[in-house]
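Here, each number is a calculation from the coordinates, and none is a lab measurement. Remember, predicted model here, so these are calculated numbers, not experimental data. Here the Cβ is made from the backbone with ideal geometry for all residues, glycine too, and neighbour counts use every protein chain on show.
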Amino acid sequence: MSAPLLFSTVEVTRQAFYRSSLSFAIVNLKPVVPGHVLVIPTRVIHRLTDLNDAEISSLMSSVQRVGRVVERAYGADALTIACQDGKAAGQSVPHVHFHVMPRKIHGDRFSKNNDEIYPELEHAEGSLASDLKQVQLESQTMQVDADENRPARTMEDMEKEASWLRTFFS
């Protein structure tokens with residue numbers, strides 16, 4: 001059996017749908033758009049510059065591979081890929097991660113003003129650390145930020161999506 005996957009200090013094995021030797025991808029607790037996922041190096045490391053060459057290579061290959069899949073799976077036309085590298089850049093979880101978000105020319109909630117996705121992503125990243133702590137405490141109920149526009153999903157919902165996305169990698 002494979003080792004448990006950690007996103008910082010939180011085990012996220014059940015939300016994972018893709019795994020390489022040095023990186024993995026998980027579904028998002030509070031996606032900004034449908035299909036918004038995270039790609040994460042297996043080693044818990046705070047900054048992009050602290051990854052070794054093999055980890056960077058694996059991470060970027062995983063971002064590319066996962067991006068292709070979520071773009072196809074969600075019928076998207078493009079991807080927004082983002083990484084907040086360090087606290088001053090908005091990173092709230094001290095573990096390198098890339099946001100991969102499928103985007104559509106028509107029907108995307110940000111299609112009228114594409115740049116609006118960035119403040120939304122910054123807001124999402126800002127609450128990610130507290131959301132993860134809450135997940136750790138209440139793995140079934142996921143009661144977080146009740147006044148938030150994007151409600152937290154249940155573990156069951158995330159596991160269903162992860163299971164479905166895994167089929168694209170077989």
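When a footprinting reagent is the concern and you count Cβ atoms within 10 Å, what order do 62, 2, 92 take, fewest first? Working shown, then result.
Details: 62 22, 2 8, 92 17.
Ranked by crowding around the Cβ, least crowded first: 2, 92, 62.
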Equivalent ellipsoid dimensions for segment 6-127 as semi-axes, Å, which come from the Cα gyration tensor, largest first: 23, 17, 13
Cβ-based net charge around residue 48, under 11 Å, with every Lys or Arg adding one and every Asp or Glu removing one: -2
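Please tell me the relative contact order of segment 6-127 in percent, rounded to the nearest whole number, where contacts are Cα pairs under 8 Å and at least six residues apart. Could the numbers behind the result be given before it?
Numbers: 203 pairs, mean separation 32.4, N = 122.
About 27 percent, as a whole number.
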Sequence of 36, 95 once ranked by neighbouring C-beta atoms within 10 Å, starting from the fewest: 95, 36
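Can you compute the charge dipole magnitude of segment 6-127 about its Cα centre, using +1 on each Lys and Arg Cβ and -1 on each Asp and Glu Cβ, nothing else charged? Give it in debye, rounded to the nearest 20. Show your work: numbers first, answer last.
On the way: 13 positive and 13 negative charges, 78 e Å.
Rounded to the nearest 20 debye, it is 380 debye.
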Sorted by Cβ neighbour density within 10 Å, fewest at the top, the residues 61, 8: 61, 8
